[in-house]
Structure formats: C-alpha cells, structure tokens
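Notes follow once the structure below has been shown.
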Amino acid sequence: MLQSPRKYFCSASFLFLVLIINSPLLNAQQISEEQVTARANDLLKQMTLDEKIAQLSQLPGNKDPLFVKNAGFPEDVIQKLGAGSVLWVPEPKQIDRLQHLAVEQSRMHIPILFGLDVIHGYRTIFPAPLAMASSWNPKLVEQAQSVAAQEARSIGIAWTFAPMVDIARDARWGRMIEGAGEDPYLGAAIARAQVLGFQGGAQVAPDHVLACMKHYAGYGAADGGRDYDSSYIPEELMWNLYLPPFKAAVDAGVGSAMSAYMDLNDVPASGNKWLLTDVLRKTWNFKGFVVSDAFAIDSLIKHGYARDGSDAAYKAFTAGLNMDMASGTYLKYLGPLVQQGRISEQQIDDMARPILETKIRMGLFEHPYADLAASEKVLNDPEHLKLARTAAQQSMILLRNENNLLPLDKSKLQSIAVIGPLGDATIDLLSMWGSGTAPGPVVSIVDGIRSKVGSAVKVEFAHGPNISRSIPSPFEDISFLKMKEQPKQSPAEAKKAFDEAVAAAKRSDLAVMVLGEIDLMSAESASRSSLGLSNQQEQLLEAVVATGKPVVLVLINGRPLEINWASQHVPAILEAWYPGGQGGNAVADLLFGDANPSAHLTVSWPRGAGEEPLYYNHNLTQLPETDPKFKSRYLDALSTPLYPFGYGLSYTTFAFDNLNVSPASAAVSGTIDVTADVTNTGKREGTAVVQLYIHQRAGSASRPVRQLKGFERVTLAPGAKQTVHFTLGKEELQFYSPLLKEWVVEPEQFDVWVGGDSTATLHGEFALTK
Ligand code: BGC
C-alpha cells in the first residue's frame with residue numbers, strides 16, 4: 001500500500017540510510033531498539049542545529065500568520081530544514097507534495113510525520129468518542145480506531161491526535177463529547193483500546209498510525225466547565241482520577257502525548273515540568289515524544305507565565321515538551337537559546353531523538369509516500385461501513401421507554417412525522433472532528449427511517465425552527481471543519497417552521513422528534529452555561545406531545561441536556577449522541593427493533609446545569625443523600641442525577657443475583673473473586689452491561705461512595721443466564737493516599753455491588769487484612 005521513495009540522493013547520510021534500510025534483516029519492524037537509537041544518533045550527528053530544531057517543530061499546513069511571523073512560510077522551512085511534522089493538511093495530494101519536498105529537497109531527506117485529528121474516522125466516520133465509550137465495548141472501540149487508522153495511513157497521515165482521554169465531570173464543558181466520560185476505570189479501558197486500535201498494537205503497525213494521548217492533563221476540570229479555563233486539581237485527584245487513563249495509554253504503548261492548553265494548579269500544562277517530565281518520563285518511563293496543543297508554547301506568554309517568546313520556548317522545552325505545534329516559537333528562539341548557552345545542544349539532541357526514533361520505528365524512511373491509487377480500496381471498504389453501523393447501534397442509549405412504545409412495528413404504522421432541526425442533518429451527525437477529515441456519505445435520521453420502512457409508510461419531514469449558538473464559534477470559519485450554524489430566522493420564519501412541524505405531527509400516526517445540538521454546540525470552544533434544548537426546541541417538543549400523538553425523542557448532542565420535562569412526558573427517549581455516518585441507519589435499526597439498545601451512560605445525567613459538576617464517584621458526607629431529611633444538597637432541586645452513571649435500558653430486562661464474594665477476607669496483597677448471575681428475564685435477546693462497584697468503608701482517606709472496578713457485556717437469549725466473574729486485585733483496590741503520599745491497598749472493610757448501573761443493589765462485602 002505504501003511505496004518507497006523513487007529517487008535516491010548522494011549525501012553520506014542518505015547512502016548510509018539506504019544501506020541500512022535495504023538490508024532484508026533490518027526492516028523497520030524488525031530492528032531492535034538499540035539499532036533505532038543508533039540510527040537516530042547517526043542522523044543527529046550529521047544534522048545542523050537548525051535542522052534539529054525543525055524536527056522539534058510541527059508546521060501548520062494552513063500557513064498560520066503567527067507561524068509565518070516567527071518562522072517564515074512552512075514550505076520554505078520544509079525545503080531548507082525539513083520538518084518534524086505538518087498538521088491540518090487533510091488532502092492526500094497536498095500531503096504527497098509536501099512529503100516529496102521534504103524527502104527530495106531538504107538536505108537530510110528526513111520524512112515528515114503528517115498529523116491530523118482523525119478522532120473517530122477519516123472517511124468512515126464512527127460515533128464520537130463519548131458515544132463509542134457508551135458501548136462499554138473496548139473491543140469494538142479498538143476495531144473502529146483500527147479502521148480509522150488504516151484509512152488515514154492509506155492517504156499518508158501517519159499520526160492522529162487521539163485518543164482524547166480527559167476525564168469530564170461537567171457537562172457544561174463542550175469537549176466532554178471527545179472523551180470517554182467521568183470514570184477513570186472505564187476511561188482507562190477505553191484509552192487502552194484506542195491506543196491499540198490506532199497503532200495496531202503496542203508498536204505502530206505499517207498500515208496504522210501513531211496515537212497521541214491528550215490533553216495531558218486535567219483539561220476536563222476547567223473551572224465552571226468553561227473551555228480553556230484554569231484547572232485546580234489536588235495531587236491525589238490527579239493520581240486517582242485524571243491520570244489513570246493516561247497511564248493506561250502509556251502502558252498500552254502510546255507513542256506520543258499532547259500537552260493541554262490550560263493552567264494546572266497555576267502552571268500551564270504546556271510548561272509544566274511535573275507533568276511532562278516527573279510523571280510522564282520519570283515515573284511512567286514514557287519513551288515517546290510530547291507535542292504541545294496548538295500554539296500552546298506561544299500561549300505561555302498569554303497565560304502570564306512566560307515573559308516573551310524566548311522565555312516561552314525555554315520554559316516549554318526545559319519542562320519536557322518536544323514539539324511545538326504550529327507556533328514557530330521553537331524555530332525562532334531555540335537556536336539563540338543554545339547560542340546564549342541557556343540550553344545545550346545535547347539537550348536539543350535528547351528532545352529530537354524520540355521524534356527521529358518514532359519515524360525510524362514506523363518505517364517512514366523506507367515508505368514516506370502513500371500509494372494513493374491503492375488507498376481508494378481501503379477508503380471504500382464496505383466492511384468499514386458495516387462496522388460503523390454496528391458501532392452506532394451499540395453507542396445509543398435508551399433512556400426511557402414507557403409501555404414499551406419501542407420497538408416500533410412498521411406494519412402498524414401508516415405515517416410517521418420526523419420532526420426537528422437535526423432530523424435531516426448530515427454534517428451535524430459527525431461531531432466536530434468527524435467533519436474535519438474527508439467524511440464519506442452520511443445517512444440522516446429521516447433517510448435512515450425512510451429506507452427502513454420503505455414505501456408502505458409515509459414519512460414526512462418538518463424541520464422546525466433553526467438552532468444556532470448565541471455567540472458564534474471560532475471554528476465556523478475553519479473551512480476544512482465544514483461545520484455551519486443553521487441560518488438565523490426572523491420570528492415570523494421561526495413561527496412558520498414551528499407551526500408546520502406541529503401540523504405534520506397532527507397528520508401522522510407517530511412523531512419522531514430529532515432534537516439537540518448542532519456540532520458547533522458541543523465541541524472545542526463550545527461550553528454552555530445552560531443545558532436546555534435551545535432555540536424553541538423544548539417548546540416544540542411540548543407542542544408536539546400536546547397533539548396526543550405518540551412521540552419518540554431522538555437526541556443528537558455531545559453532552560447530557562436538561563430534559564426533565566421530556567423524562568416525565570415523552571414516552572420514549574433515545575440518546576444517539578453524534579452517531580457518525582451510519583447514524584440514520586442505526587437509529588432506524590434501534591427504533592424498529594432490528595437492533596436492541598445496549599449502551600449505557602458513561603456520565604451522570606444532571607437535572608440541570610446548576611448541578612454540575614456531577615459525578616457518581618463522589619465522597620460521602622456527614623449527611624448522605626439517603627438520609628430522609630437531608631436528601632438534597634440544594635433547596636430547590638434534587639442533587640442526584642436524572643439518570644445515573646452506567647444507566648441504559650434494553651428492549652428486554654435483566655436480573656442480577658447469586659452474588660458470591662470470596663474469600664470473605666484476604667491479605668492486602670491477595671485477590672478477591674466476585675461472581676454474579678445475570679439472567680435475561682424478558683422476551684428478546686439482549687445485551688446487558690454487568691457492572692461491578694466497590695466502596696472502601698474507612699482508611700487513610702475518605703473514599704468515593706462507589707467506584708467502578710469491573711464490567712462486562714453479556715448477550716443472552718430470552719430466559720438465558722450467565723455467571724459473570726470479576727477479580728479484584730491490587731490494580732482495583734489501590735489508591736493514592738493524600739496522607740501517606742503513596743499508592744496503598746489498605747486493610748479495611750469493603751462493599752461490593754453488581755448490577756446494571758451505579759445504583760446497583762445486589763450487595764456483598766469483604767475485608768482486607770495486613
Ligand atoms: C485542540 C486539539 C487538537 C489540535 C490540533 C487544538 O485546538 O485542542 O485537541 O488536536 O487543536 O487540531
């Protein structure tokens with residue numbers, strides 16, 4: 001699929017490389033780590049200081065003015081010095097052209113590592129990450145990201161800025177959609193799966209891409225859920241909550257990391273030595289390289305952390321940040337810093353080496369170019385679409401289904417009104433990054449329903465009033481992201497659209513309302529202070545329900561929304577998130593019973609924005625919410641979630657019993673086995689997500705009321721039963737103690753619960769002893 005460079009050059013280094021790479025024994029996949037390092041060192045010996053700094057730089061394909069001001073035009077830099085990486089070039093031909101420039105015209109002929117946000121697909125767009133995580137199916141996540149990787153690599157993108165593994169406890173934060181939710185255990189499992197999927201294993205396979213865990217670290221804790229705002233996270237919460245998914249990614253072999261934008265405890269993450277060196281390299285032994293988030297090195301000045309560009313370059317570099325994304329700060333200032341003796345050339349070598357080693361390991365020197373003719377086969381593989389449909393089916397959560405309104409029986413329906421501003425959406429089903437690659441055709445919800453029911457059922461579509469943000473998104477202007485607002489309407493136009501939608505419901509046997517957020521509303525720079533259904537969607541929903549017709553609400557959105565009224569008055573609610581290119585087909589599969597919902601929430605669903613941050617794994621208080629007199633932390637609303645973490649319905653029902661915890665007491669170094677039976681008590685085949693939670697009753701710190709420590713998807717025929725087995729060992733039982741400043745497993749009493757969500761009642765207990 002990938003082809004070798006056509007031309008050979010006569011510099012000594014290039015001849016040396018040719019000799020090495022043409023040796024059959026020294027194929028990039030087979031060379032030892034020592035040989036990789038030796039090759040990198042040999043290159044470094046021949047490189048000028050400026051060429052090394054170019055390897056520490058990621059050039060913006062869009063010729064960003066800040067970069068041009070600092071370092072000149074990207075193409076000139078490539079030709080003169082080469083480049084570590086180039087980003088924001090999604091077009092295969094451009095990638096190919098720039099790669100030829102680097103390999104053929106730069107003195108060292110070092111190939112570029114092209115990076116792009118291939119977050120959940122390149123051509124085949126899978127559901128957004130929060131949706132994928134809702135499947136609680138790491139294997140599926142791994143398969144999906146493997147497809148994304150193969151499609152991207154086939155056109156020359158060798159590096160994705162994913163997985164995003166930020167824990168998010170606050171639905172006001174617009175980037176919740178990009179991660180796996182609020183839980184560190186599930187987050188770690190999904191992070192691991194994504195790394196293995198993207199890379200094709202712990203090492204990057206020749207037809208896969210380098211993964212990049214981001215945003216390292218603590219971005220999801222932005223104050224007030226306001227994107228980019230400072231995070232203040234005590235060290236114990238870093239270790240116990242925010243860092244575990246990153247650690248899991250490192251253990252899985254992730255080859256790169258991206259530093260976050262925000263201040264972490266007053267030190268910007270992109271200049272934070274504790275994060276970038278002490279934790280990442282010294283504690284975790286990470287051998288890859290770190291890239292900044294976009295312009296984040298220059299932003300150290302804006303944060304009020306660096307005095308000027310030189311100080312920013314110095315602080316980021318000495319904190320442990322290898323590569324400057326897009327700002328050109330390293331290109332401008334690292335050279336003078338070496339000349340001033342503030343940074344040694346040895347330090348430059350040490351920072352450039354992991355980047356060169358990555359390129360060597362990945363075989364980029366041997367195969368810098370993609371075979372664009374062959375890529376068509378990869379990009380149009382029908383199996384990819386099938387997988388995207390399965391992934392979307394497994395990502396959508398059935399939140400409510402009164403009197404079994406769902407699944408629908410098409411033989412009993414003559415007409416359906418599909419209503420709502422997202423009912424015919426296409427790009428808005430893809431989420432921000434899914435719209436930013438080269439997405440293939442997208443099946444809208446109304447089209448998915450039409451093709452499901454055929455001509456026997458009349459399907460009418462009514463859009464209703466448009467939805468848009470009140471403050472525009474800075475990303476709307478970025479053309480390759482393709483995201484657009486729905487045009488602003490006059491009150492009269494909005495009223496007309498509203499009335500037409502209600503009339504369509506009246507004319508039909510059933511209304512499927514498709515409401516939520518356009519993808520500009522749940523993304524980067526898309527935090528919200530309220531979580532309501534905006535732009536009259538709530539009123540439209542109430543008016544359609546008032547017609548007396550049965551209503552199914554399908555939500556397209558990137559975060560839990562305030563749906564208190566709907567949760568009381570709309571009989572069926574399906575949370576579809578941003579479901580990707582096969583979204584419409586998957587919604588239809590679920591609504592009509594060709595697939596059975598099996599997804600579960602990976603975030604606690606609040607009753608309103610005022611409840612945020614909200615998370616199930618909080619500590620107990622002196623007056624728990626179970627106390628009849630102190631049942632809320634508020635005086636005007638309940639402080640419990642509307643739907644708890646782990647929640648999700650199916651068209652069948654499950655019972656959990658026969659919990660067995662053994663031994664009842666074990667040494668802190670031992671393990672505890674937990675088994676429980678799950679039975680399908682309904683009339684259809686279905687998949688349960690069996691979840692195990694623990695609670696440590698006392699210790700050197702207050703421990704969360706519940707913590708997820710195991711889960712398994714189990715598919716059962718009606719009446720069938722299966723015993724599920726979990727093991728609790730050090731990994732599950734330890735925590736970082738703020739008092740002792742170390743990881744501990746404590747000799748204490750523990751509760752354990754097994755069931756279908758975080759309110760599971762099947763209870764057991766065990767003790768750990770010294
Ligand atoms: C985002 C990153 C992304 C990068 C490159 C930034 O604005 O925060 O998540 O990977 O841009 O596109």
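Tell me yes or no: at least one residue of the range 448-464 is among the aliphatic types (A, V, I, L, M) and within 28 Å of TYR122 (Cβ to Cβ). Quick ask: steps written out before the conclusion?
Kept after step one, since they are among the aliphatic types (A, V, I, L, M), are these residues of the range 448-464: 449, 453, 456-457, 459, 462.
Restricting the remaining residues to those that are within 28 Å of TYR122 (Cβ to Cβ) gives 449.
Checked the range 448-464: at least one residue is among the aliphatic types (A, V, I, L, M) and within 28 Å of TYR122 (Cβ to Cβ).
Of all residues in the range 454-468, which are part of a loop (DSSP other than H, G, I, E, B) and surrounded by fewer than 18 Cβ atoms within 10 Å (Cβ to Cβ)?
Let us first name the residues in the range 454-468 that are part of a loop (DSSP other than H, G, I, E, B), namely 457, 463-468.
Result: ASN466, single match.
Looking at THR640, THR671, THR621, can you tell me which residue is over 25 Å from the mean Cα position of the chain (by Cα), polar (S, T, N, Q) and more than 25 Å from LEU531 (Cβ to Cβ)?
Working: THR640 fails: more than 25 Å from LEU531 (Cβ to Cβ); THR621 fails: more than 25 Å from LEU531 (Cβ to Cβ).
Residue meeting the stated conditions: THR671.
Assess whether SER534 counts as being within 16 Å of the ligand (Cβ to nearest atom) and open to solvent by 10 Å² or more (accessible area, probe 1.4 Å).
Working: within 16 Å of the ligand (Cβ to nearest atom): no; open to solvent by 10 Å² or more (accessible area, probe 1.4 Å): yes.
Criteria not met by SER534.
Scan the range 80-94 for residues that are away from the ligand (no atom under 15 Å from the Cβ), in contact with a helix residue (DSSP H, G or I) (Cβ under 9 Å, 6 or more places away or on another chain) and more than 24 Å from ARG353 (Cβ to Cβ) and report the count. Matching residues across the range 80-94 total 3. Cβ-Cβ distances below 6 Å connect the following pairs, each with a first residue in the range 729-745 that is closer than 17 Å to ARG697 by Cα, a second residue that is among the aromatic types (Phe, Trp, Tyr), and a separation of six or more residues or different chains: GLN734/TRP743; TYR736/TRP239; TYR736/TRP743.
Every test in (1) within 16 Å of the ligand (Cβ to nearest atom); (2) surrounded by fewer than 24 Cβ atoms within 10 Å (Cβ to Cβ) is passed by ALA269 save one, and that test is (2). Would you be able to say whether some residue in the range 90-97 is over 24 Å from ALA373 (Cα atoms), of a type outside the set (Lys, Arg), buried (at least 20 other Cβ atoms within 10 Å of the Cβ) and in contact with a Leu (Cβ under 8 Å, 6 or more places away or on another chain)? Checked the range 90-97: no residue is over 24 Å from ALA373 (Cα atoms), of a type outside the set (Lys, Arg), buried (at least 20 other Cβ atoms within 10 Å of the Cβ) and in contact with a Leu (Cβ under 8 Å, 6 or more places away or on another chain). Against the test of being open to solvent by 30 Å² or more (accessible area, probe 1.4 Å), away from the ligand (no atom under 16 Å from the Cβ) and at pLDDT below 95, the options LEU385, LEU372 yield a single qualifying residue, LEU372.
The single condition among (1) part of a loop (DSSP other than H, G, I, E, B); (2) in contact (Cβ under 8 Å) with a residue 24 or more places away in the chain that GLY548 does not meet is (2). Determine if the range 120-136 includes at least one residue that is part of a strand (DSSP E or B), of a type outside the set (A, V, I, L, M, F, W, C) and within 16 Å of the ligand (Cβ to nearest atom). So far as the range 120-136 goes, no, none of its residues is part of a strand (DSSP E or B), of a type outside the set (A, V, I, L, M, F, W, C) and within 16 Å of the ligand (Cβ to nearest atom). Exactly one residue among THR679, THR687 is in a strand (DSSP E or B), under 25 Å from ASP183 (Cα atoms) and either of a type in the set (Val, Ile, Thr) or modelled with pLDDT under 95 (or both), and that residue is THR687. For the range 168-180, the set of residues classified as surrounded by 24 or more Cβ atoms within 10 Å (Cβ to Cβ) and either over 10 Å from the mean Cα position of the chain (by Cα) or more than 16 Å from the ligand (Cβ to nearest atom) (or both) consists of ALA168, ASP170, ALA171, TRP173, GLY174, listed by residue number. Determine, yes or no, whether PRO439 is open to solvent by 20 Å² or more (accessible area, probe 1.4 Å) and part of a loop (DSSP other than H, G, I, E, B). It is true that PRO439 is open to solvent by 20 Å² or more (accessible area, probe 1.4 Å) and part of a loop (DSSP other than H, G, I, E, B). Applying the set (1) among the small types (Gly, Ala, Ser); (2) within 16 Å of the ligand (Cβ to nearest atom); (3) touching a helix residue (DSSP H, G or I) at 6+ places or on another chain (Cβ under 8 Å); (4) part of a helix (DSSP H, G or I) to SER146 leaves exactly one unmet item: (2). When the range 560-608 is filtered for residues that are open to solvent by 10 Å² or more (accessible area, probe 1.4 Å), under 20 Å from LEU430 (Cα atoms) and either out of contact with any Phe, Trp or Tyr (no Cβ under 9 Å at 6 or more places or on another chain) or assigned to a strand (DSSP E or B) (or both), only ASN585 remains. Considering (1) touching a strand residue (DSSP E or B) at 6+ places or on another chain (Cβ under 6 Å); (2) more than 30 Å from ARG559 (Cα to Cα); (3) at pLDDT 95 or above, the lone condition that GLY115 does not fulfil carries the number (2). For ASN240, the criteria (1) in contact with a strand residue (DSSP E or B) (Cβ under 8 Å, 6 or more places away or on another chain); (2) open to solvent by less than 20 Å² (accessible area, probe 1.4 Å); (3) among the polar types (S, T, N, Q) hold in every case but one, which is (2). SER700 meets all of the listed conditions (1) touching a Leu at 6+ places or on another chain (Cβ under 9 Å); (2) in a strand (DSSP E or B) but one, namely (2).
The values are calculated or read from the model by the stated rules, or taken from the named source; none is laboratory data. Predicted model only: the values in this text are computed from it and were never measured. Positions of Cβ are generated from backbone atoms using ideal geometry, with glycine treated the same way; all protein chains shown enter the neighbour counts. Note: areas computed on protein heavy atoms with side chains; ligands, DNA, RNA excluded. Shrake-Rupley method; radii C 1.70, N 1.55, O 1.52, S 1.80 Å.
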